[in-house]
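See below for the structure under consideration.
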Amino acid sequence: MDRLRPDQVIDDKTSLRTYECDGLTGYRVVPALVVLPESTEEVALAVRLCAGQGVPYVARGAGTGLSGGALPVADGIVICLARMRAVLEVDVANQRMTVQPGVTNAEISKVVAQHRLYFAPDPSSQSVCTIGGNIAENSGGAHCLKYGFTTQHVYAMTVVLPDGSVVEVGGGFAEGVGPDLRGVIIGSEGTLAIATAVTVRLLRTPEAVRTLVADFDSADKAGEAVSAIIAAGIVPAAAEMLDALSIQACEAAVGAGFSTDAAAALLVELDGPEADCEDGYTQVQRRCREAGATHVRLADTPHERARVWAGRKAAFAAMGRISPDYFVQDGVVPRTRLGEMLRRMQQMAEDAGLRVANVFHAGDGNLHPLVLYSAAAPGEAERGEQLSTAIAELCVEMGGSITGEHGVGTDKACSMPSMFSEEDLRVMLRVRTALDPDGISNPGKIFPTPRLCGEKPGPYRPHALETAGVIERV
Amino acid sequence: MRRVVVPSTQAHDRGDRVVRPAGLAETVDAVRTSAGSVLVRGAGTKQDWGGRVRDPELVLDTTGMDQVLTHNPADMTVSVQAGIPLRRLQEGVGAHGQWVALDPASARDGATVGGLLAAGDSGPSRQRYGGLRDLVIGVTLVLADGSVGRSGGHVIKNVAGYDLAKLVHGSLGSLAVIGEVVLRLHPIAPSLITVQAPAEARAATAAVLALAAGPCEPSRVAWAGGSAEEGRLMVAVEGTAAGAPAAAERVRSTLADARLDAEALSPEQAARAWSAHDADRNGTEGETVLAVNGLPSELATVAEKVHHNADQAGVSGALVSWAGVGMHVVRFGGGEPDQHVRAVRAMRQYADRAGCSTMLRRRPRQVDDLLEVMGTPPPSVGMLRALKNQFDPEHRLAPGRFGGWLGRDGTQPHGSGGGS
């Protein structure tokens with residue numbers, strides 16, 4: 001195999017535009033070429049050609065990322081893995097499965113559902129986002145509080161390195177010998193390697209699931225309830241919070257039955273063996289009431305549970321109901337500082353003359369502030385963007401992170417110095433230099449560069465699939 | 001060159017310079033003001049693993065870096081200096097009903113958090129909680145040239161930047177000195193119950209797979225046997241005061257379905273049984289211990305190979321496995337070193353065929369004269385070398401670890417300056 005077929009190469013201007021951005025549509029760059037490999041060998045061929053010519057490349061899955069991580073490089077190529085959708089092996093006994101990188105997150109679970117197995121990471125875009133993209137971003141999802149991230153659920157990968165060589169990392173089981181190279185690559189945002197076959201760890205579906213929504217008259221009280229639940233030694237599968245603005249937007253969009261007069265809604269889900277689950281559920285209800293819940297809704301049927309989650313997951317797209325434009329932010333603070341963070345954000349929003357809606361993973365302190373503005377109002381977009389960036393950097397000041405799950409990508413590379421010293425970044429770059437000395441694999445991502453940091457991001461616009469209701473954002 | 005000599009708690013190869021820094025700054029100072037090979041040592045419980053470092057010019061003793069830096073119980077995170085013994089850390093956070101969800105055998109001997117991370121060591125609860133790779137949320141490294149690099153942070157959910165903790169996990173001190181570590185904590189479950197059954201390896205394998213397919217979510221699954229025909233399976237479940245006994249009963253019934261006669265142990269019996277398990281994992285002086293990692297479904301095959309290869313070599317063979325995650329420890333005892341070597345070689349051949357990975361742990365010194373310390377390098381060895389060359393271009397750190405995997409001839413220490 002020494003060449004790709006014509007139907008695997010896109011070079012006409014109109015078609016290339018399809019690849020100009022990912023889910024963060026404010027950044028757009030039309031690539032010079034897009035290739036659609038169908039095998040590890042074809043990916044390696046494309047990378048080898050790039051390496052030989054010093055041409056930068058960007059690997060891309062479904063393009064649902066929210067940090068511009070799959071933003072093309074002008075004069076570079078996009079290696080789109082969407083055609084690599086084969087399930088290569090299912091090993092039910094050892095609860096693992098090997099797939100090509102273009103297989104969607106949801107498809108993995110679907111294939112093994114008959115064996116009562118599933119793939120735990122569940123980013124909201126799971127119906128379309130690919131396992132390859134999950135690896136790049138170390139994706140989590142609403143249930144990562146209990147189950148961890150993609151790195152906890154991948155045993156091995158076949159990867160193509162930036163010199164075009166093909167290497168296996170990880171042994172295909174729990175742990176190999178020596179440094180954890182699979183863990184180094186997962187979450188490296190496509191800057192170190194392209195995964196072309198992935199052996200994932202599957203979990204047995206939990207025996208029982210319990211979900212409730214508790215209303216509070218202040219976000220602080222909802223936060224106290226989360227702390228009380230966790231202090232009681234309970235690890236919820238998910239603990240999600242919506243503030244008043246988010247509740248109103250979600251209700252307008254989906255009608256999930258949230259109380260529109262509540263200041264905060266706390267969604268708690270428990271799963272596991274029946275006896276533990278039931279016991280925990282009773283305790284969670286009690287802790288919510290003790291923290292001052294004004295109403296507790298038990299989502300006791302699969303239908304009710306699906307409705308509650310539909311409301312929660314609709315949050316990003318639902319903002320269109322209450323604001324013409326908005327920026328989606330992703331930051332993390334230690335959970336105990338959530339209340340303080342919310343108050344500081346509120347103050348910052350007032351100072352900027354803007355509204356900020358909040359929908360977040362309360363269990364792990366991962367905030368998704370949505371900065372609402374109108375592009376039609378002069379100066380609002382700029383103020384909104386500054387506010388959004390200031391919020392992310394405030395997270396660092398609070399002892400947290402500029403990103404919990406969306407990645408640094410193009411969007412936050414310039415905020416990295418707020419979190420890491422120059423020396424820290426230089427040490428990280430040694431990993432990059434070891435594997436990609438010429439910097440051709442997804443350049444311009446994660447690490448700040450003067451050129452990049454002179455540019456401005458654009459506003460959040462829903463991905464086409466999001467507008468169409470195919471995917472949701474958490 | 002500054003000479004700092006601190007009385008060492010352990011006997012060492014002649015006259016190494018031992019430095020015992022109290023923190024990051026002194027660690028940086030120690031590597032900057034020295035030249036030549038460096039051995040990082042915590043409690044020294046795993047100095048044999050993956051190759052011995054012979055005659056290091058500097059021993060960096062981390063036991064002076066033994067402080068908890070921050071612990072916010074409500075956030076369930078703790079940051080520590082790398083030299084803190086895990087056992088002492090557990091006592092501290094345990095007062096708040098929390099623990100670092102890691103129960104390695106070497107904790108009994110004072111193993112440090114940094115040493116455990118560098119060795120990638122874990123305990124039977126790996127079944128439920130994963131290893132340190134899954135528990136460490138931030139790390140501060142000191143490189144061989146004195147650079148300091150921090151990655152991660154103090155929050156569990158964080159995807160900013162490369163994850164350097166993964167890079168040093170299992171690196172055996174060959175890439176960087178681990179200075180500080182941030183860990184996530186878990187609540188201590190109210191109740192832990194151990195169910196035990198006599199089980200030959202085939203029946204145990206079937207039972208282990210049945211447990212995984214069922215809803216019990218055990219926290220530890222261990223099988224130990226002197227041969228494939230006899231052994232015992234231990235399964236621990238944890239949960240609430242009501243949940244744990246219910247789970248234990250279901251484990252018992254799952255084992256009964258696999259024709260195993262299981263019983264729940266009293267807390268005292270369980271403590272003794274797990275203590276014996278830890279001792280089995282460690283092995284004893286004079287034994288050769290080989291870690292073999294593979295698939296859970298291959299437990300019985302591994303047990304048969306151990307038995308067969310031990311027989312062929314004329315030594316005793318025993319296996320103790322975390323059967324649910326396919327992490328085995330093989331012990332060969334009795335006989336002469338060359339017989340141990342023959343048995344290890346045969347196990348490595350099996351591992352190569354079966355796609356398992358292996359690492360030599362404890363062994364008589366003479367074994368090293370007869371056996372290459374590492375088996376067949378993995379396909380990713382080129383990546384390892386590239387990383388080694390970037391992080392430690394002069395090959396100062398832990399020469400000898402990983403044998404020749406990291407490039408150069410790693411079996412001998414390099415002279416002062418390490419080629420600079």
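The values are calculated or read from the model by the stated rules, or taken from the named source; none is laboratory data. Keep in mind the model is a prediction, meaning the values are calculated, not measured. Because the Cβ atoms are built from the backbone with ideal geometry, glycine has one as well, and the counts that use them run over all protein chains shown. Areas reflect the complete protein model, heavy atoms only, side chains present, ligands, DNA and RNA absent. Shrake-Rupley method; radii C 1.70, N 1.55, O 1.52, S 1.80 Å.
Seen from a random direction on average, the alpha-carbon convex hull of region A:133-266 projects onto 11.3 square nanometres.
When DSSP assigns beta bridges and you keep just the ones with both residues in the protein assembly as shown, what percent turn out antiparallel, to the nearest 5? Around 90 percent of the beta bridges assigned by DSSP in the protein assembly as shown are antiparallel ones.
Taking only the Cα atoms of chain A, the radius of gyration and Dmax are 21.9, 68 Å. Taking every DSSP beta bridge that has both ends in chain B, the antiparallel portion is near 90%. The gain in end-to-end length when the B:E229 to B:A256 segment is fully stretched comes to 7.9 nm, 0.36 nm per residue minus the alpha carbon separation. Inter-chain neighbour count for B:124-135: the average number of beta-carbon atoms from partner chains within 10 Å of each residue's beta-carbon is 2.
Of all the stretches in chain B, which is the longest one without any exposed loop site, taking trypsin sites (Lys or Arg not before Pro) in a DSSP loop (any state but H, G, I, E, B) with at most 13 other Cβ atoms within 10 Å? So the longest stretch without any such site is B:15-258. Kirkwood analysis of the Cα pair distances in chain B returns a hydrodynamic radius of 22.2 Å. Legend: mean number of C-beta atoms from other chains within 10 angstrom of residue C-beta atoms, peptide A:395-403, equals 5. Within the accessible surface of region B:108-198, defined with a 1.4 Å probe on protein heavy atoms only, the carbon and sulfur portion equals 49 percent.
Looking at region B:280-368, the accessible area is 35 square angstrom per residue; that uses a 1.4 Å probe and ignores ligands, DNA and RNA.
Backbone phi angles across region A:384-401, fed through the Karplus curve with coefficients 6.51, -1.76 and 1.60 (θ = phi - 60°), yield HN-Hα couplings of x, 5, 5, 4, 4, 5, 4, 5, 4, 6, 5, 4, 5, 4, 7, x, x, 9 Hz in residue order; Gly and Pro are listed as x.
Taking θ as phi - 60° and the Karplus parameters 6.51, -1.76 and 1.60, the scalar couplings of region B:352-357 work out to 4, 5, 8, x, 8, 10 Hz in sequence order, x denoting glycine and proline.
Counting only alpha carbon atoms, the long axis of helix A:338-352 and the longest principal axis of chain A meet at about 80°. Counted over all Cα-Cα pairs of region B:121-191, pairs farther apart than 18 Å make up 42 percent.
For region A:411-427 versus region B:321-396, the inter-centroid distance based on Cα atoms is 38 Å. With a 10 Å cut-off around each Cβ of B:143-152, the average count of Cβ atoms from other chains is 4. For the protein assembly as shown, the 222 nm mean residue ellipticity estimated from helices alone, with every DSSP H stretch of n ≥ 4 adding -39500 (n - 2.57) and the total spread over all residues, rounds to -9500 deg cm²/dmol. Taking 0.36 nm per residue of separation and subtracting the current Cα-Cα distance, fully stretching the chain between A:A74 and A:S259 would add 61.8 nm. On full extension, the segment bounded by A:A375 and A:D300 gains 22.8 nm, given 0.36 nm per residue less the C-alpha separation.
When only alpha carbons are used to place a centre, region A:237-313 and region A:320-361 end up 20 Å from one another.
For region B:207-228, accessible area lost to neighbouring protein chains reaches 30 Å² or more, against the chain alone with a 1.4 Å probe, at B:L209, B:A212, B:A213, B:P215, B:E217. Residues whose amide H falls under 5 Å from that of A:Y155, counting only those 5 or more places apart or on a different chain, are A:T199, A:V200, A:R201, with hydrogens built in the peptide plane. The HN-Hα couplings worked out from phi for region A:244-253 by the Karplus form 6.51 cos²θ - 1.76 cosθ + 1.60 (θ = phi - 60°) are 4, 4, 5, 4, 4, 5, 5, 5, 4, 7 Hz, whole numbers, x standing for Gly and Pro. Annotation: amide H of A:T294 within the under-5 Å range of A:D215, A:F216, A:D217, sequence separation 5 or more or interchain, hydrogens built in the peptide plane. Between B:V68 and A:R451, the modelled label-to-label distance comes to 4.9 nm, taking each label 7 Å out from Cα in the direction of the beta carbon.
On a per residue basis, chain A carries 34 Å² of accessible surface, using protein heavy atoms and a 1.4 Å probe. The portion of the accessible surface of chain A made up by carbon and sulfur, rounded to a whole percent, is 51 (1.4 Å probe; DNA, RNA and ligands excluded).
Residues whose amide H comes within less than 5 Å of that of B:V59, counting only those at least five positions distant or on another chain, are B:R17, B:V18, B:V19, B:L39 (H built at 1.01 Å from N in the peptide plane). Region B:129-164 and region A:162-215 have Cα centres lying 17 Å from one another. The convex hull of the Cα atoms of region B:76-224, projected and averaged over all directions, covers 10.4 nm².
Can you give the net charge of the other residues whose Cβ lies under 11 Å from the Cβ of A:D438, counting K and R as +1 and D and E as -1? Around A:D438, the surrounding residues sum to -1.
Measuring nothing but protein heavy atoms, the accessible surface of region B:302-401 at 1.4 Å probe radius is 46 percent carbon and sulfur.
Counting only cysteine Cβ atoms and a cutoff under 4.7 Å, chain A contains unmatched residues A:C21, A:C50, A:C80, A:C129, A:C144, A:C250, A:C277, A:C288, A:C395. Normalised by residue number, the volume inside the convex hull of the Cα atoms of the protein assembly as shown is 152 Å³ per residue.
A simple spin-label model places the labels of A:A208 and A:R28 5.3 nm from each other, with each point 7 Å out along Cα-to-Cβ.
Helix B:381-391 and the long axis of chain B differ in direction by around 40°, with both axes built from C-alpha atoms.
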